[in-house]
């Protein structure tokens, strides 16, 4: 296997753990269609570089099993846009005079995003709007996907949050994102899992 293929496989493994959470060697081998020996070789390199960590899980039957997951160092490899967010927040500080700083900063940002993207939703069905939202969020580094749960019901998932560190400190960020989705989609949106609250992803259930 060439160096380029080695690097590519490690990137795929990192993305797999980002989207699926903790995985065993066997699960990774099945996902990638390569041998467990090859998987272990890549994991050794990733662990040496501090990008993954292993946890020994004892099972009711059989031998203990190692589950591998990303470290905080690996999380920094995925898209972040702190620079863009900082500029947006500073812009709000310059234009607002009387405000509750954090709440109004994020509310102002939400309104600007709503104005920016509302036109892209016009004339589309709910499924079309959800698909459009996924494209918007992917362009902003959120690693988003969506699927139909049942007729008129959709599940929208984000595997990365570029502003996670800010959102952990300021809940207003999450509240405003939820409100933005509701306004853009014109639908009921419920967040059932959140990265900033210990989840592996942000999950939203959407219905007309």
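Key figures
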{"item": "Distance-filtered residues of region 10-54 - backbone nitrogen under 14 Å, label point 7 angstrom along residue 69 Cα→Cβ", "result": "17-24, 52-54"}
{"item": "Ratio of the Cα radius of gyration of the chain to 2.2 N^0.38 Å, where N counts its residues", "result": "1.19"}
{"item": "FRET E, pair residue 76, residue 193, Förster distance 22 Å, beta-carbon r, rounded to 0.05", "result": "0.50"}
{"item": "Simple label model, 7 Å out from Cα along Cβ direction - residue 60 to residue 117, nm", "result": "4.3"}
{"item": "Residue 37 paired with residue 149, simple spin-label distance in nm, labels 7 Å along Cα-to-beta-carbon", "result": "4.5"}
{"item": "Helix-derived mean residue ellipticity, 222 nm - over the chain, DSSP H n ≥ 4, -39500 (n - 2.57), to 500", "result": "-16000 deg cm²/dmol"}
{"item": "Distance (nanometres) between label positions extended 7 Å along Cα→Cβ at residue 171 and residue 45", "result": "4.4"}
{"item": "Contour minus Cα-Cα distance for residue 104 and residue 11 (0.36 nm per residue)", "result": "29.6 nm"}
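Every number here is computed from the coordinates shown, using simple stated rules; none is lab data. Source: prediction; values computed, not measured. Positions of Cβ are backbone-derived with ideal geometry, glycine not excepted, and every protein chain shown enters the neighbour counts.
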